[in-house]
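S.K.: First, the structure itself, so that you have it in front of you.
The values are calculated or read from the model by the stated rules, or taken from the named source; none is laboratory data. As the structure is a prediction and not an experimental result, all values here were calculated from the model. Positions of Cβ are generated from backbone atoms using ideal geometry, with glycine treated the same way; all protein chains shown enter the neighbour counts.
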Amino acid sequence: MSGVRVLVGTRKGAFILTADSKRERWDVNGPHFGGWEIYHVKGSPADPNRIYASQTSGWFGQIMQRSNDGGKSWETVGNKFVYEGEPGTHLWYDGTPRPWKFTRVWHLEPSLHDPDTVYAGVEDAALFRSQDGGQTWEELSGLRRHPTGPQWAPGAGGMCLHTIIQDPQNAQRMFVAISAAGTFRTDDGGKTWRPVNHGLRSEQIPNPTAEVGHCVHRIAMHPSRPQTLFMQKHWDVMRTDDAGENWREVSGNLPTDFGFPIDVHPHEPETIYVVPIKSDSEHYTPDGKLRVYRSRTGGNTWEALTRGLPQSNVYVNVLRDAMAVDALESAGVYFGTTGGQVYASIDAGDSWTPIVRDLPAVLSVEVQTLP
Amino acid sequence: MIRVVLPMHLRRLAQVSGEVQLDVAPPATQRAVLDALEASYPTLRGTVRDQVTHQRRAFIRFFACQQDLSNDPPDAPLPEAVATGAEPFLVVGAMAGG
């Protein structure tokens, strides 16, 4: 019987939530790696039993974990992330040059085709790849060595590479997003990269339309339309229909266009989801209400989804990697909050129920649709 | 035989309980002990000191014989009581955070 496996990373461990395709009864398994920050857990599209996890700690650094049995057991794999060559410098918060320094893995993106190939987005911003199931890691240094690299500066959360999107129709093309540098694209399998931020406007930087320096929070793509990307920026929800060459704002009637996650309906490429947050200085839901907003028109026109979500005294955030969709016929949408709740909708967002309410603060949510 | 006490998270990571015992050729130094620790438990590489620079991680401390050895040179001899196994070498996660 088909089903879903929700992979949750939290401030104090990982949790695996499983259900059959009805998604009514959930088994909650965890914590795995209790006490550690789990920035991201993601399964291989090519082999759902292969799962990778980023386990990190301010005391003990970065650990990488791999499962070959769907998360029942785990083994540590390579955790040596070394920038290629002389790392050079980027800008620090005070505008001074600062040597690139590895801190942690924010995001793991397994290859669409090979379970042993996985990409890692790290802080300070760089892209690494393993082709041996995580045992060894090499930097795709063309990104960090882009001529604008020395101008990149961290966002409040650190200078992280947090989004990696593979083009399912073009193996040579990939997109990444960095806070606060912007979106970059490769068309040669990661050797060279260029910024694709034209159309973004950020009032928080000296030149609001600069080539780089934009605090992109997340981007999302529907696999059937790889030319179209949706973006939640520090402020503004954006879209492009030419693979990043030109972006336009689609914030429309959102109560606020600040937020972190954005995702696309699994079967409707023009249906997208965001969770508006009050402001860049007040990282919680506006008006004390937990509302997901859905657009069925690819942006501009949005509706609040509230059924089953608390509508008073809610002051949580939903972080950039903490929303995901499954691929079942009646689309499932999932998100986790900094208050430790994980909510699921099995009707594309029309109604929601909590799977679990009291986990540690949720950092990431991913979903595997199991055969 | 040198006795090493690891913090709970590293014991769990290395899948050991209680003290770790290591054969270390003299002279016993921080570097020699950490080299032997990482050789016996490769999963601990990078958790106590940087894998490239070998600098102690900022929130890790080394104690022994009621002394803080954290800032001693890595090639300085450890106290005789540690070298003989009479006293353990303590790897400690600094008190910080929640």
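S.K.: For region B:65-88, state whether one or more residues are under 28 Å from A:Glu75 (Cα atoms) and either over 12 Å from the mean Cα position of the chain (by Cα) or not aliphatic (A, V, I, L, M) (or both).
M.R.: no
S.K.: On to the next question. Considering each of A:Met221, A:Met231 in turn, give the residue that is of a type in the set (A, V, I, L, M, F, W, C), closer than 15 Å to A:Arg185 by Cβ and surrounded by fewer than 23 Cβ atoms within 10 Å (Cβ to Cβ).
M.R.: A:Met221
S.K.: Further, regarding this structure: Of all residues being out of contact with any strand residue (DSSP E or B) (no Cβ under 7 Å at 6 or more places or on another chain) and not in a loop (DSSP other than H, G, I, E, B) in region B:42-82, which is farthest from the other protein chains (Cβ to nearest Cβ)? Just the residue, please.
M.R.: For region B:42-82, the residue satisfying everything is B:Glu80.
S.K.: A further question follows. Report yes if A:Leu328 is more than 19 Å from A:Glu366 (Cα to Cα), within 22 Å of the chain's Cα centre (by Cα) and assigned to a loop (DSSP other than H, G, I, E, B), otherwise no.
M.R.: No: the conditions fail for A:Leu328.
S.K.: In addition: Return the residues of region A:17-37 that are part of a strand (DSSP E or B), out of contact with any Ser or Thr (no Cβ under 6 Å at 6 or more places or on another chain) and over 13 Å from A:Leu370 (Cβ atoms); say none if nothing qualifies.
M.R.: Once the filter is applied, which keeps residues that are part of a strand (DSSP E or B), out of contact with any Ser or Thr (no Cβ under 6 Å at 6 or more places or on another chain) and over 13 Å from A:Leu370 (Cβ atoms), region A:17-37 yields A:Val28, A:Asn29, A:Gly30, A:Pro31, A:His32.
S.K.: I would also like to ask the following. Which one of these is closer than 23 Å to A:Arg104 by Cβ and loosely packed, with under 15 Cβ neighbours inside 10 Å: B:Met1, B:Met8?
M.R.: B:Met8
S.K.: Could you tell me whether any residue of region A:70-79 is over 20 Å from A:Arg320 (Cα atoms) and acidic (Asp, Glu)?
M.R.: yes
S.K.: Here is a follow-up. Could you identify the single residue in A:Val82, A:Val28 that is surrounded by fewer than 18 Cβ atoms within 10 Å (Cβ to Cβ), at negative phi and more than 14 Å from chain B (Cβ to nearest Cβ)?
M.R.: A:Val28
S.K.: Pairs please, first residue from region A:200-211 and of a type in the set (Asp, Glu), second anywhere and surrounded by fewer than 17 Cβ atoms within 10 Å (Cβ to Cβ) and not in a loop (DSSP other than H, G, I, E, B), Cβ atoms under 8 Å, 6+ apart in sequence or on different chains.
M.R.: Going by the 8 Å Cβ cut-off, there are no qualifying pairs.
S.K.: Next up: Failed condition for A:Gln169, given (1) at pLDDT 95 or above; (2) within 20 Å of the chain's Cα centre (by Cα); (3) over 21 Å from A:Val82 (Cβ atoms), with all others met?
M.R.: Only one criterion in (1) at pLDDT 95 or above; (2) within 20 Å of the chain's Cα centre (by Cα); (3) over 21 Å from A:Val82 (Cβ atoms) is unmet by A:Gln169, namely (2).
S.K.: Restricting the search to region B:12-37, which residues are surrounded by 18 or more Cβ atoms within 10 Å (Cβ to Cβ) and within 14 Å of chain A (Cβ to nearest Cβ)?
M.R.: Within region B:12-37, B:Leu13, B:Ala14, B:Leu34, B:Leu37 qualify.
S.K.: Let me ask something else. If you take the residues in region A:34-63 that are crowded, with 24+ Cβ neighbours inside 10 Å and among the aromatic types (Phe, Trp, Tyr), which one is farthest from A:Thr337 (Cα to Cα)?
M.R.: A:Tyr52
S.K.: Another question, then. If I go through region A:199-216 residue by residue, how many of them are within 18 Å of A:Leu143 (Cα to Cα) and not aliphatic (A, V, I, L, M)?
M.R.: 4
S.K.: Any residue that is touching a residue at least 60 places away in the same chain (Cβ under 8 Å), outside any loop (DSSP other than H, G, I, E, B), farther than 24 Å from A:Thr56 by Cβ and in contact with a Gly (Cβ under 8 Å, 6 or more places away or on another chain) - is there at least one of those in region B:1-13?
M.R.: Yes, the conditions are met somewhere in region B:1-13.
S.K.: Considering only region A:346-366, how many residues are within 19 Å of the chain's Cα centre (by Cα) and part of a strand (DSSP E or B)?
M.R.: The qualifying residues number 5.
S.K.: Restricting to region A:87-123, and then to whatever is within 13 Å of chain B (Cβ to nearest Cβ) and charged (D, E, K, R), can you tell me which residue is surrounded by the fewest Cβ atoms within 10 Å (Cβ to Cβ)?
M.R.: Selected residue: A:Lys101.
S.K.: Looking at A:Thr337, A:Thr297 in this structure, which one is over 27 Å from A:Gly213 (Cβ atoms) and more than 18 Å from the chain's Cα centre (by Cα)?
M.R.: Every option except A:Thr297 fails the conditions.
S.K.: If you go through region A:47-67 one residue at a time, do you hit one that is over 20 Å from A:Arg104 (Cβ atoms), part of a strand (DSSP E or B) and touching a Ser or Thr at 6+ places or on another chain (Cβ under 8 Å)?
M.R.: No, there is no match, as no residue in region A:47-67 is over 20 Å from A:Arg104 (Cβ atoms), part of a strand (DSSP E or B) and touching a Ser or Thr at 6+ places or on another chain (Cβ under 8 Å).
S.K.: In this structure, is A:Thr306 surrounded by fewer than 20 Cβ atoms within 10 Å (Cβ to Cβ) and not acidic (Asp, Glu)?
M.R.: Yes: the conditions hold for A:Thr306.
S.K.: Quick one: is A:Asp263 out of contact with any helix residue (DSSP H, G or I) (no Cβ under 7 Å at 6 or more places or on another chain), acidic (Asp, Glu), closer than 30 Å to A:Gln311 by Cβ and not in a loop (DSSP other than H, G, I, E, B)?
M.R.: yes
S.K.: Given the residues A:Glu270, A:Glu245, which is the only one that is among the acidic types (Asp, Glu), free of Cβ contacts under 8 Å to residues at least 60 places away in the same chain and surrounded by 15 or more Cβ atoms within 10 Å (Cβ to Cβ)?
M.R.: Matching residue, one of A:Glu270, A:Glu245: A:Glu270.
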